Amino acid sequence: MTESVITTDAVTVTAVDKVFEAAAGQVVALSGIDLVVEPGEFVSLIGPSGCGKSTLLRLIADLDTPSSGSVEVFGTSAHQARVDQKYGIAFQQAGLLPWRSVAANIALPLELHGSSSVETRERVAELIALVGLDDFGDRYPDELSGGMQQRVAIARALAKKPELLLMDEPFGALDEMTREYMQTELLRISAETGAAVVFVTHSIPEAVYLSDRVVVMSPRPGRIAAVVPMALGSTASRADDLREDGAFFEMITAVREALHGGAPASSARGVENR
Amino acid sequence: MTESVITTDAVTVTAVDKVFEAAAGQVVALSGIDLVVEPGEFVSLIGPSGCGKSTLLRLIADLDTPSSGSVEVFGTSAHQARVDQKYGIAFQQAGLLPWRSVAANIALPLELHGSSSVETRERVAELIALVGLDDFGDRYPDELSGGMQQRVAIARALAKKPELLLMDEPFGALDEMTREYMQTELLRISAETGAAVVFVTHSIPEAVYLSDRVVVMSPRPGRIAAVVPMALGSTASRADDLREDGAFFEMITAVREALHGGAPASSARGVENR
Amino acid sequence: MTGAATIAPPRGRPPGAAWGSGGTARAVAPIVLGVSVVAVWQLIAGSGLVEAYLLPSPAAIGAEIVEFWPSMVSAGAITGLNALVGLVAGTLIGIISALVASTRRSLDGMLAPIVAALAVIPIVALAPVLNTMFGADSQTGRQLIAALAAFVPVFLNTARGLRQTQPVHRDLMRSYAASNAQIMRTITLRTAAPFTFTGIRLASSLAVISALVAEYFGGPRGGLGGLISTSAASSAYPRAWAYVVAAIILGLAFSLVASGLERLVSRRR
Amino acid sequence: MQAATVARAPSRRTRTAPPASRARARAWGFGALGLAALAALWELYKLLGPADGLVIGEVRVLPRTSDLAMPHIWETAGRLFEPVTRAEGARVLWLEVAIAASLTLGIAAAGWIVGVTVGLLLALVMQRWRLAESAALPWIILSQTVPLIAFAPVVKSWGSRIEIGAFEWQDWMSVAVIASYLAFFPVAVGALKGFQSPDRLHLELMRSYSVGWWQTMRYLRIPAAVPYLLPALRLAAANAVVGAVVAEVSTGLQGGIGRLVIQYAGQASGDPAKAWAPILGAIALGLIAAGSVALMGALARNYRRTEDAS
Amino acid sequence: TTEEAPEADSGEELTPVTLQLQWLPQGQFAGYFAAQEQGYFEEAGLDVEIIPSGGDIVPQDALANGDVDYAIAWVPKVLGSIEAGANVTNIAQIFQRSGTLQVAWADGDISSVADFEGKKIGSWGFGNEWEIFAAMAEEGLDASTVEIITQDFNMNAFLAGDIDAAQAMTYNEYAQLLEAVDPETGELYTADDFTVISYEDTVGAMLQDAIWADTERLESDADYQETTVAFLKAVIKGWIFAAESPEEAAQITIDAGSGWGPSHELWMVNETNKLIWPAPNGIGYIDEAAFDATVAAALSAVNESGASLITEEPPASAWTNEYIEQALAELEAEGFDITGDSFTPIEVELLEGGN
Ligand SMILES: Nc1ncnc2c1ncn2[C@@H]1O[C@H](COP(=O)(O)OP(=O)(O)OP(=O)(O)O)[C@@H](O)[C@H]1O
Ligand SMILES: Nc1ncnc2c1ncn2[C@@H]1O[C@H](COP(=O)(O)OP(=O)(O)OP(=O)(O)O)[C@@H](O)[C@H]1O
Ligand SMILES: Cc1ncc(C[n+]2csc(CCO)c2C)c(N)n1
Ligand SMILES: [Mg+2]
Ligand SMILES: [Mg+2]
């Protein structure tokens, strides 16, 4: 849909550290992160809880600033990219405004940046169709299922036709079956819009199913442990039956092993308390 | 651990229907359910949201009563089984009492049924060790991670040495990695206690990894669509590396296909809104 | 200080507690209770067990209500107007102060002891002083008392509501590079609104009762409070009770309207 | 890009929390500053404001600045340290107020205890029987729209005819009853809300343990109600003080702060600063009452673990 | 003194009696406190408890309800209560004169009741306003021609100019004015600053502090009758004491809990004495003409909402001189001066703030 000419990387993270000052002392959330995301590429971040996935995403979104190192988005600073609305973002909680209808929620970023109301109305209709909620424009969030809410959040993130989509466990709160369905939908939508996606998840099958590359992170301090390219063909052409494919299971195993530190996973990991 | 002599089935559900009276009319949550769970057997219930998994579990627990049909637990009525504390139960949310320490939470069912305080103390120490929380007895739930909370909930469910454990998506709120870890822990614990388990889940890999049999349910009205026996060896001996085993992936595919109505799953399921 | 003044806005009943066929019984129950209490009261008062002089019967009170209806309406209008002015003023001041307090922790801290003091101050203590400050020939002192009474719950609830903005909404607005004014308008105020309206509901009946009690301590005549006291002072107890009934109706009207507004605002959140 | 390396704290979580003792010291500091600002505002307005106040149309929106209407802060404060009257042996004013306040505090405490007991019982009954809740709750809410000042003489009169054996009704008890009338309400409503607050999950857990109403109450509903109960008890304490003062004024009970309110209000024409003394006393009293309940709440810390820190 | 001593020597056992005042303890009630403090009640075989009242206690209702044995109240207010069903009887008209004033500024334009028209007139309400309406009726003014403002416990509304003329008792609120500082001079106000209209000089005057007793018990209870006479005798002795020793009486009321300063208290006792003494027919004697005048005024006066205080003549039981006559006769026989012919008020200097 948005096929603008892009000459630079979508995201360039260079030597980024992030240290939080907490009551108990300093927390090194990220250390020495280098990452490049190409335009149109689908990259997942995976890793155990607390390894800094959300922190990294928030740095890219300029919701937080790195302690050192730099983050560039489409060749400008993350800050400029935010001001220029170069990205759309979605979180684990859909974060819809409960007092706004579906259409009004999707229209929010447009309204805030002064689109004319005719423009807004047309774009919202387009987006509602894109995420398959045609008859639900006048509904309110509390009348929607979790999956539908997430679709509204995705539509909202796409409202300004961003070339970069940032998603922090957007399907984390959904049940497994709805989740699989939403994954397939997301692949379709990202193919239609051609946007690059940085996608945070806890789920190995999800990361494998969706991504061109899976970035595996390790905690304390958050580092990139491995980057696993997916040998599953173009994301645009993936369909549900891929989930029962041998290659799929192989990729799952590859990511699992990267996650467990190269060695095959075993249950003898000591009494780690989580 | 509890190796009492059992002569009857753990659970016998016979021709059960459950109809709810809702404001909008009647909801048939379950229809014609027949199910037998053997002593020591691990049975998972899987199916799309709203297919009646929780309802069925609640009927077994006598938290609700069937509209018709009968539920027996260890040869007595579900009601009598509840009064006799024949089962332990755990839910998706750990449901710990926030004002009680870990030890006091585990002690609750014992206190309520008038165990002596010495007895209680000993049993609690045993349970804390069983779920691997040795140094955490004096902590409060808000100081624990989600996984640790669920372990407390499991310990609490085991307090009265039940021969039946009912679990409704106990790991549904955990992140994927903790979840896998907890699954392995659960297998160990259920092997140690020898209790039968009825386990509700949304996750196919989870059901496959844990169960002797997977009961696949279909919605509107809730029915048992298929019962898939797992060909993966005894649950007691399963370990984390099973997850990267070919047989494991096969079983996953088998359950997936049962879930999708026998035919291989495809993405062309229409615009179902969830 | 007065935490329960910040009683959370009503939420739905937990599931499983649906209104079934028992709904009618529950709707009728308060009426049945009310009617039976009045009936027993009438029986006791009518039996001669207690002097009518001491305990006027509901029938006698009813007769007074009928006879003095026009006077009740005009007195209710005076007291009601005072309460309304106070409620509106107290609400505005409460919202504005809460907004001010939400900007800086220091301002919040500075307001805290003043609000705490206002929350425990007995109206009777303040009324004579306010009459001197604002003039005994005007309703201002009474309106101010109603405003002070209304201020406290509105302030506390609004301040609480202003702290309820969800982090996810704040992140979202930042991702839109929204201005502070836009954030305030789209998120902060809207999130706080249901809490503010809960405060207004609590404030509504407080405003009425405060405006009424303030009439006991000087000022122009004609309000319900003055009439209750005058009737009681001349031993016209049935009439005093009739005015009390009018006061209850007035308070009820205020709180019903406020509850309605609250429900309207907190329907979606 | 360089600017991006300056650590900013946009999210709530990143705000570093100072240690509790420092935070408390700061809170007191700001509080004192707030009161000082109020005093300064008072004096500044008194200095600059029009003598007859600001009248817009017919309405005086800002008060008069005469000494009669707004005595100087220092006069009010200084008056506290002068004798009540010229009479021989007259106490110093603050002491007189403090003595009266302690009597009122005792009465309010009695009213609070009665109110809390009644409130809890009502909440228990309403929790137990849905129908009782439907029947009683609207009336309980309605009860607070009744101008209780109208009932003070009635309560006193009814009370005075109670005499059971050696027990004889005392006038202060009428005042305590009226105080309890204001105190019971937040407790009844708050406790009911608290009793109804446990999740369905917890209720089903208790059911799975096959325990009855009372044990569910004891192990689940009552502990779960604590976070609702504490603010209710605090509000009840403040209400009890207000109710006690109002009732003292109304029934003319001797010795309490209410009595001083009328008495000194009567002397305000010649001694304007004096009238503020019982007002300050009443405020202090309310703060002490509410504060002591808040202290009690500190003991129940474990029952408030889920309370949000806001 | 209320110990159970059944059938003990009746000369030693005191009869418990309760007396309801109509306000806080103060010089207005000096005679009762003096009778208490000087032991007159005890000598009369009575154990008297004096109960002050506050904002909302209606003394005659406390009496009618049986809460107390005797009550002090103004006649017009009690007439209203009697018509509402209170069964009480005036047994002693302690105040012979009305002590109500209407005070205006000397440099203002009110110099008589006739000037009230169109003005803001202060009153305490609670039944204290009937003298105003009665006096206005005589001038052809009805209540709707003035705006009545309820005064609170002090004179600030008048001093601040909110009302044009304030209601004041000679013994209390008038003194409050003379104890206040004139912000213009920095000195206390003086009598010259005010125009004082005394209702005693108008036809609106109504009888004030009287002692009321329970009518039924008076009719049927011989002990009560006996107690009544004994009570009245002691009260009269108390008032004689107050007339003779105002300073001591003032100190007694202060000790009894009056919160006023000595100068104000002494002023109050002195001014109260002036309302009682001289009493040509003997203190407490009810002058039928004065009572009828009060009834007539109560029947004729109409307030701003069109209501009258009473609509019909009170029953004969509303007053009786039977007991006061008996008390006076006995006291006269004992050599007491019951008319106060020789009464001379003292001069009292008021100090700032009533201190
Ligand atoms: N605002 C903050 N202040 C202090 N520490 C923080 C803050 N935000 C994150 N952290 C810490 O930084 C680390 C990384 O957090 P982050 O939320 O990025 O992890 P995550 O990988 O997203 O975890 P999860 O999978 O649980 O979402 C954690 O140790 C966390 O406690
Ligand atoms: N108390 C109730 N009243 C009315 N309908 C109910 C009630 N409980 C469940 N239902 C309905 O019964 C059906 C089955 O519900 P149930 O909770 O058992 O499904 P589930 O399989 O557990 O779903 P999920 O996976 O979302 O937990 C649903 O349609 C639900 O709406
Ligand atoms: C609120 C209030 N109510 C009544 C009175 C009237 N009153 C009762 S006793 C008495 C004699 C003088 O003090 C007077 C005038 C008042 N002053 N203030
Ligand atoms: Mg995260
Ligand atoms: Mg379920």
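Quick note: the coordinates plus some simple rules give every number you see, no bench work behind them. All of these numbers come straight from a predicted model, not from anything done at the bench. Cβ coordinates were reconstructed from backbone atoms using ideal geometry, including for glycine residues, and neighbour counts include every protein chain displayed.
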**Request:** Give, rounded to the nearest 20 debye, the magnitude of the charge dipole that region A:15-101 has about its Cα centre when Lys and Arg contribute +1 at Cβ and Asp and Glu contribute -1 at Cβ.
**Result:** 340 debye
**Request:** Give the Rg (one decimal place) followed by the Dmax (whole number) of chain B, computed from C-alpha coordinates and expressed in Å.
**Result:** 18.7, 61
**Message:** Give the aspartates and glutamates whose C-alpha is closer than 17 Å to that of B:Lys18, dropping any in the same chain fewer than 8 places away, or say none.
**Reply:** B:Asp34, B:Asp62, B:Asp64, B:Glu72
**Prompt:** Once amide H atoms are built 1.01 Å from N in the peptide plane, which residues 5 or more positions from E:Val146, or in another chain, come under 5 Å H to H?
**Reply:** E:Gly118
**Message:** Once each part is reduced to its C-alpha centroid, what is the distance from region D:121-149 to region D:241-310 in angstrom?
**Reply:** 26 Å
**Prompt:** Mind checking the dipole of region A:97-160: about its Cα centre, +1 per Lys or Arg Cβ, -1 per Asp or Glu Cβ, Debye to the nearest 20?
**Reply:** 220 debye
**Request:** Please express the Cα-Cα pair-distance distribution P(r) of the protein assembly as shown as a list of whole percents, one per 20 Å bin, running from 0 to the bin with the greatest distance.
**Result:** 8, 29, 28, 18, 13, 3, 0
**Asked** Using the eigenvalues of the Cα gyration tensor, what equivalent ellipsoid semi-axes result for chain E when each is taken as the square root of five times the eigenvalue, whole Å, largest first?
**Response** 34, 24, 17
**Request:** Beta carbons within 10 angstrom, averaged per residue: use that to sort the peptides E:325-338, B:13-26, B:47-60, highest first.
**Result:** B:47-60, E:325-338, B:13-26
**Fill in**
Distances in nm between the label point of B:Asp138 (7 Å along Cα→Cβ) and its equivalents in the other copies, shortest first, are 6.2
**Item:** log₁₀ of I(q)/I(0) at q = 0.25, 0.31 Å⁻¹ - region B:140-197, Debye sum with one point per alpha carbon
**Value:** -1.10, -1.39
**Item:** Cut-off under 5 Å, modelled amide H: who pairs with A:Val36 long-range
**Value:** A:Val13
**Request:** Work out the length of the dipole vector of the protein assembly as shown about its Cα centre, built from +1 on the beta-carbon of each Lys and Arg and -1 on the beta-carbon of each Asp and Glu, and round it to the nearest 20 debye.
**Result:** 9520 debye
**Asked** Between copies, how close do the A:Gly194 label points come, placed 7 Å along Cα→Cβ, listed in nm from shortest?
**Response** 6.7
**Complete:** Computed, not fitted: 222 nm per-residue ellipticity of chain D from DSSP H runs ≥ 4 (each -39500 (n - 2.57)), nearest 500, equal to -21500 deg cm²/dmol
**Fill in**
For region A:91-208, inverting the pair-averaged 1/r of distinct alpha-carbon atoms gives a Kirkwood value in Å of 14.4 Å
**Message:** Straight-line reach only, C-alpha to C-alpha below 18 angstrom: list the aspartates and glutamates that D:Lys156 could link to, leaving out same-chain residues fewer than 8 apart.
**Reply:** C:Glu51, D:Glu168, D:Asp171, D:Glu248, E:Glu49, E:Asp56, E:Asp61, E:Asp67, E:Asp69
**Request:** Binning at 10 Å from 0, report for region E:68-197 what percent of all alpha-carbon pair distances ends up in each bin.
**Result:** 11, 39, 31, 15, 3, 0
**Item:** Nitroxide proxy distance, nm - points 7 Å out along Cα→Cβ at D:Phe167 and E:Ser245
**Value:** 4.4 nm
**Considering only region A:132-274, percent of DSSP beta bridges that pair antiparallel, nearest 5** = 55 percent
**Request:** Per residue of C:171-184, count partner chain C-beta atoms within 10 Å of its C-beta, then hand back the mean as an integer.
**Result:** 6
**Asked** Over the protein assembly as shown, what is the percentage of antiparallel beta bridges among all DSSP beta bridges, to the nearest 5?
**Response** 60 percent
**Message:** Applying a 10 Å radius around every beta-carbon, put E:71-82, A:157-168 in order of their mean neighbour count, most first.
**Reply:** E:71-82, A:157-168
**Request:** For each pair in B:Lys53/B:Lys86; A:Lys53/B:Lys161; D:Lys46/E:Lys120, compute the distance between the two Cα atoms and list the pairs where it is over 29 Å.
**Result:** A:Lys53/B:Lys161
**Request:** Mind checking which of C:Ala116, C:Gly48, C:Ala159 is farthest towards the positive end of chain C's charge dipole, using Cβ charges of +1 (Lys, Arg) and -1 (Asp, Glu) about the Cα centre?
**Result:** C:Ala159
**Asked** If packing is taken as the mean number of other Cβ atoms within 10 Å per residue, what is the order of C:120-130, A:247-257, D:284-294, highest first?
**Response** C:120-130, D:284-294, A:247-257
**Complete:** Filtered hits (lysines, Cα-Cα < 26 Å from E:Lys237, offset >= 8 within chain) -> E:Lys274
**Request:** Return the long-range amide H neighbours of B:Phe42 (sequence gap of 5 or more, or a different chain), with a cut-off of under 5 Å between placed amide H atoms.
**Result:** B:Val197, B:Asp212, B:Arg213
**Message:** Of D:Ala237, D:Ala225, D:Ala123, which is farthest towards the positive pole of region D:101-302's charge dipole, taken about the Cα centre with +1 and -1 on the beta-carbons of Lys, Arg and Asp, Glu respectively?
**Reply:** D:Ala225
**Request:** Give the dimensionless ratio obtained when the Cα radius of gyration of region D:102-238 is divided by 2.2 N^0.38 Å.
**Result:** 1.22
**Complete:** Expressed in angstrom and rounded, the centroid-to-centroid distance over alpha carbons for region A:199-222 and region B:89-143 is 35 Å
**Prompt:** Taking every residue in A:165-177, how many Cβ atoms of other protein chains lie within 10 Å of its Cβ, on average?
**Reply:** 3
**Item:** From phi via Karplus (6.51, -1.76, 1.60), per-residue ³J(HN,Hα) for region A:35-50 in Hz, x at Gly/Pro
**Value:** 7, 10, 10, 7, x, x, 7, 10, 10, 9, 9, 10, x, x, 4, x
**Prompt:** Got a sec to turn the phi values of region C:56-64 into Karplus ³J(HN,Hα) couplings, 6.51 cos²θ - 1.76 cosθ + 1.60 with θ = phi - 60°, whole Hz, x for Gly and Pro?
**Reply:** x, 7, x, 4, 5, 5, x, 4, 5
**Fill in**
Phi-derived 3J(HN,Hα) across region E:239-255 with the Karplus relation (6.51, -1.76, 1.60, θ = phi - 60°), rounded Hz, x for Gly and Pro, is 5, 5, 4, 4, 5, 7, 10, x, 4, 5, 4, 4, 5, 4, 5, 4, 5
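Report D for region B:97-160 in µm² per second (integer): Stokes-Einstein, Kirkwood Rh on Cα pairs, 20 °C, 1.002 mPa s.
Rounded to a whole number, D works out at 190 µm²/s.
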**Inter-label distance, nm, simple model (7 Å from Cα along the C-beta direction), B:Asp17/C:Val88** = 6.1 nm
**Prompt:** region A:5-61 to region D:157-199: how many Å between their Cα centroids?
**Reply:** 61 Å
**Request:** Report, as an integer, the average count of C-beta atoms from other chains found within 10 Å of each Cβ along A:249-255.
**Result:** 3
**Request:** Could you estimate the translational diffusion coefficient of chain C from the Stokes-Einstein equation, with Rh from the Kirkwood formula over C-alpha pairs, at 25 °C and 0.890 mPa s, in whole µm²/s?
**Result:** 117 µm²/s
**Helix-only mean residue ellipticity at 222 nm for chain A, each DSSP H run of n ≥ 4 adding -39500 (n - 2.57), per residue, nearest 500** = -10000 deg cm²/dmol
